[in-house]
Amino acid sequence: MLKLANIASDLPRGNKSVRAEELARGLAYNRREFLRDAARLAVGSALLGSGRFAFGSTSPNRKVVVITFGGGARDQETFAPEGQENIPHLMRELIPQSTFFTQVVNRGILGHYVATASLATGVYETINNFASLPPESPTIFEYFRKELKRPSSDAWVIAPSNGFNRIGESSHRSFGPGTGARVILPKHLLTAAISGSRDYEHLVGDNYETPFYAPELGGKEFELEQLETILKLSVADFKSHARTLSSPDELSVYIARRLMKQLAPSLLWITMHDIDIAHAGAYSLYIEGIRRTDRLCAELWQAIQSEPEYAGKTTLFILPDFGRDSDDDAGGNGFQHHRTGDALSRTTWMMALGQGIREGVVFDRVIEPTDLVPTIGAMMGFSPSIARGKPIAELV
């Protein structure tokens with residue numbers, strides 16, 4: 001089997017875009033082979049016409065949860081044979097239950113906020129990654145609520161960084177204020193609750209990529225109201241639970257589970273971000289972030305199965321926003337950053353599992369992050385008319 005480390009060196013050094021496309025295909029091929037060997041998945045293209053599986057269908061009771069594997073993780077630390085020890089829950093529990101796409105190619109800006117905004121709109125956004133700006137195109141939350149006439153309590157975002165506070169709704173003129181998702185920033189909740197205590201510093205640090213950027217957010221009273229009236233947590237209870245958590249992502253998952261139990265939103269978006277600690281340059285912390293994210297994804301799936309409002313009627317999507325640089329590109333810093341735009345930084349993966357999804361199938365064709373919103377729209381019965389992506393045929 002061809003090793004990932006050898007793919008780049010075996011490709012011609014001529015046309016850079018052609019080389020990137022070839023490398024992306026090589027990554028997808030190897031990821032498929034790694035997965036088939038480890039999880040015994042079937043090649044999806046051979047099964048499309050077999051009639052053995054039921055395609056997804058629209059249901060008024062359907063729920064969708066999206067987890068963005070924020071920060072990006074390369075194959076050599078995850079799906080390659082030498083990396084699979086870092087993702088035991090994905091490999092052994094989630095992937096065998098999923099339809100898995102090996103080649104999700106991000107053709108947009110590789111910054112976490114703008115890339116997540118692109119995922120949420122179905123359009124490659126071009127807003128400043130380090131500015132407190134809403135997406136310019138309508139978000140999935142606005143389409144969902146407007147067309148299906150859903151209340152504000154039915155669409156939520158749990159975001160890792162205070163810089164994501166505008167992700168819930170766009171500046172598009174067809175959608176006014178208050179038509180999108182409500183956003184919970186767990187770090188901001190904790191900051192409002194601890195009143196300057198230094199006991200939680202490991203949970204409230206913000207933005208690994210640019211630590212000097214920390215948008216000013218007001219409304220301490222609103223945060224405490226979110227805790228008490230929405231999540232049904234007293235400040236004392238919240239602080240007590242937070243003290244037992246070791247990472248910001250664990251805090252986000254804790255909040256997500258409370259939200260599922262109290263409001264059971266039909267559309268829930270959770271962005272993981274611990275992996276992005278790689279920007280600090282410590283490989284051990286990067287690996288620790290991957291392992292924690294792997295565990296938390298499995299815990300969220302287990303929570304979905306255990307909650308009566310979600311069990312049996314939820315589709316879960318897990319996908320990175322983008323990848324990280326190759327060790328072979330002189331313009332990058334390997335695992336540490338995502339600056340070059342090479343194939344490793346642009347080519348990722350996606351899995352879908354749950355209601356209406358075929359199990360144990362892998363597809364190699366290219367899809368794009370912008371296809372997510374149209375796919376969820378087809379599943380839930382709304383039309384994201386301005387999105388540029390296309391519904392993923394294998395799922396809808």
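The values are calculated or read from the model by the stated rules, or taken from the named source; none is laboratory data. On a predicted model such as this, the values are computed, not experimentally measured, just so you know. FYI the Cβ positions are ideal-geometry reconstructions off the backbone, even for glycines, and counts take in every protein chain you see. Accessible surface is based on the protein model in full, side chains and every heavy atom, while ligands, DNA and RNA are left aside. Shrake-Rupley method; radii C 1.70, N 1.55, O 1.52, S 1.80 Å.
Annotations for the structure displayed:
- For the range 277-308, residues that are touching a helix residue (DSSP H, G or I) at 6+ places or on another chain (Cβ under 7 Å) and either closer than 15 Å to Ile67 by Cβ or open to solvent by 10 Å² or more (accessible area, probe 1.4 Å) (or both) total 21.
- Taken as a whole, the structure places Leu296 among residues that are assigned to a helix (DSSP H, G or I) and within 14 Å of the chain's Cα centre (by Cα).
- Residue within the range 270-279 that is of a type in the set (A, V, I, L, M), within 22 Å of the chain's Cα centre (by Cα) and part of a strand (DSSP E or B) present: yes
- Members of the range 127-151 found to be at pLDDT 95 or above and of a type in the set (Ser, Thr, Tyr), listed by number: Ser137, Thr139, Tyr143
- Number of residues in the range 155-179 that are at pLDDT 90 or above and touching a Lys or Arg at 6+ places or on another chain (Cβ under 7 Å) equals 5.
- Any pair with Cβ under 7 angstrom, 6 or more apart, that starts in the range 286-298 at a residue that is closer than 13 Å to Pro320 by Cα and ends at one that is open to solvent by 20 Å² or more (accessible area, probe 1.4 Å): Asp294/Pro88; Asp294/His89; Cys297/His89
- Subset of the range 122-145 (residues that are open to solvent by less than 40 Å² (accessible area, probe 1.4 Å), farther than 20 Å from Phe317 by Cα and among the small types (Gly, Ala, Ser)): Ala131, Ser137
- Taken over the range 331-381, residues that are assigned to a loop (DSSP other than H, G, I, E, B), of a type outside the set (Lys, Arg), at pLDDT below 95 and closer than 20 Å to Ala73 by Cα amount to 8.
- Some residue of the range 86-106 being buried (at least 22 other Cβ atoms within 10 Å of the Cβ) and under 20 Å from Pro135 (Cα atoms): yes
- Options Leu148, Leu119; residue that is aliphatic (A, V, I, L, M), buried (at least 23 other Cβ atoms within 10 Å of the Cβ) and within 16 Å of Ser383 (Cα to Cα): Leu119
- Pairing each residue of the range 252-264 that is modelled with pLDDT of 95 or more with any residue that is open to solvent by 10 Å² or more (accessible area, probe 1.4 Å) and not acidic (Asp, Glu), provided the two are 6+ apart or on different chains, yields C-beta distances under 6 Å for Gln262/Lys232; Leu263/Ser153.
- Test: Ser152 is polar (S, T, N, Q), free of Cβ contacts under 8 Å to residues at least 60 places away in the same chain, closer than 21 Å to Val65 by Cβ and touching a helix residue (DSSP H, G or I) at 6+ places or on another chain (Cβ under 9 Å): yes
- Taking every residue in the range 228-245 that is free of Cβ contacts under 8 Å to residues at least 24 places away in the same chain and pairing it with any residue that is open to solvent by 80 Å² or more (accessible area, probe 1.4 Å), at least 6 positions away or on another chain, the pairs with Cβ-Cβ distances below 7 Å are Ser234/Glu228.
- Condition met for Ser197 (surrounded by fewer than 20 Cβ atoms within 10 Å (Cβ to Cβ), among the hydroxyl-bearing types (Ser, Thr, Tyr) and under 24 Å from the mean Cα position of the chain (by Cα)): no
- Verdict on Asp342 being in contact (Cβ under 8 Å) with a residue 60 or more places away in the chain, open to solvent by less than 40 Å² (accessible area, probe 1.4 Å) and farther than 18 Å from Gly26 by Cβ: no
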